[in-house]
Amino acid sequence: MINRQRRRVLAGMATAAAALAAAMAWRRRAPAAPGAVDASPVPPPPERFARALRVPGRDGLMAELALNAPLTVHARDAAFAMFDGAPTRVWHYAASIGDRAPANPLLRARRGDTLDVRLVNDLAEATTIHWHGLAVDEANDGSGLHPVAPGGEARYRYTIDNRAALYWYHAHPHGRTGRQLQFGLAGPLLVEDDEERALRDRLGLAWGERDLPLFIADKQVGDDNAIVYKDGADDWIGNRVLVNFTPEPHLDVVPGLYRLRIANASNARMLRLAFAAGDGLLPFRLIGTDGGLLAQPWLVDDVFVAPAQRVDVLVDFGTRAAASGAGERVLLRSLAYVAMENEDESGAFARDPMGDHPGAAAMGEAIDLMEFRIGGARPPRVDVPARLCALPPPPAVDGWPVRAFRLRMDAEGRWFINDWNFHDTGHEPVFAVRRGTREVWEIRNSMTSMPHPIHLHGFAFRVVSRSISPPDVRARSVDANGLGPQDLGVGDTVAVWPGEIVRIALDFSQPFAGTQRYMLHCHNLEHEDMGMMLTFAVVDA
Ligand code: C2O
Ligand code: CU
């Protein structure tokens, strides 16, 4: 996290270990400009792209489950064959339905459905299920306010009242979220509604074939195939990438249009997603974000996806096949970017960030996630509508009260939101918002810092402006308020880059009564666990 020190460490490693020298060479290159392709990303592991992508199936990891009946899941730890050789212990939410044993299932529901999930904690430590992005009351939020003790259980029961989108669920115990997610406690939740259904029918892309979730997380994996985590660590990045719990997979695709619903479930790694083909990029359409469809598709070359964010994209492998024929391979890559992990104003000392991550690409370095192999007959052409749904533009917020937040680190290297660190303030709400009011939250990051993906529970928001953005962000803006295409959707997590002031509009209407407590925090899970989190209350008007 501190550049000066990281450079020193890298230089030391390169001289000490000749075998690492080649791998290090590209690390010293300047990060690529937006749109450029890094020709030599992370050296491939020997088995790179050997496995077929897991698509949601009947059984095992990411099996698909309709939430049309009460469901019991056990948080537990079991071994799965994941890499070559020894199996890997994965902490997961295990269900058992007839002869099926889904683990971290892809849950599917329709808006208006009742979710009824019983969690039994078979782990040796407290855990929860937090329903990331869902408009729920405190009791069903699964935050660290309501931990489930080892051997204990909880029941989450609520009506789903969110737009159609890819949401996700994950553990959220106080101080242990980074550890539990790194070990695997997370899965996708797909919500459907009529508007999105209409688009789906119009596109005619079969779910599970040409309409697929990509649930992406990097993991630090040791020689024994064990997932590694160190308590108290900073920015836990990894040397392997799991897509749908498959390491660096491939997918055979036809030369046609695909819809990919992508979640970044990494602890700390921000992704700059692009489709790399030959020595160029395959432009794609961004059609949705955290909270569902955008009003219109945006043709882009790449998109930043911070931890916890989701994007819904359409990519046409047919255009690539037309250019150079079938047999072509397209890589889903995170392009190099300026990670902006600058030394903090405080000059706080941080431990070596890469020493714990042998073989991992540093933050901001290019990394290949999966491969698409184009073959077969060209399917009928699909027309993408110019208008996707009736989402209004971000609201005009003149006259709305503004609540200001500043993201910063103190001289001891502790992260703060204003003067609040969760280890000091805990579950005591630091402010209260009256139910039904509307507010602008203005989140300002320090000039010399790093990007923080800021998330709040219980409420979705619209981004209304970005100012003092770094060049990579400014270069992507498409309106007078500094917003990029991704900002034009409904969000629950927003990346705030060093120096930036990001304003989000919030409507605190909700069908609940009494005091409901929620969290506001950085979704870099190590920052969260180090206390970059606060509790706020929504109270009766
Ligand atoms: Cu995705 Cu407070 O969490
Ligand atoms: Cu952060």
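Only the coordinates and a few stated rules stand behind these numbers; no lab work does. Since we're looking at a predicted model, the values are computed, not measured. Because the Cβ atoms are built from the backbone with ideal geometry, glycine has one as well, and the counts that use them run over all protein chains shown.
Things worth noting here:
- Between Asp252 and Asp116, the contour length at 0.36 nm per residue exceeds the alpha carbon distance by 45.4 nm.
- Stretchable slack from Ala50 to Phe431, in nm (0.36 nm times residue separation minus alpha-carbon distance): 132.1 nm
- By the beta-carbon count within 10 Å of each Cβ, the least crowded to most crowded order of His174, His132, His527, fewest first, is His174, His132, His527.
- If only the Cβ of Lys and Arg carry +1 and only the Cβ of Asp and Glu carry -1, the dipole of segment 379-526 around its Cα centre is close to 360 debye.
- Segment 61-83-segment 125-140 distance, computed between alpha-carbon centres (Å): 17 Å
- Whole-number Å³ per residue for the convex hull built on Cα positions in segment 170-219: 94 Å³
- DSSP beta bridge pairing in the chain, given as percent antiparallel to the nearest 5: 75 percent
- When Ser334, Ser143, Ser465, Ser509 are arranged by Cβ crowding within 10 Å, least crowded first, meaning fewest neighbours, the order is Ser509, Ser465, Ser143, Ser334.
- Rounded D (µm²/s) - the chain, Kirkwood Rh over Cα pairs, Stokes-Einstein at 37 °C, 0.692 mPa s: 140 µm²/s
- The value for segment 402-539 of Rg(Cα) / (2.2 N^0.38 Å) is 1.03.
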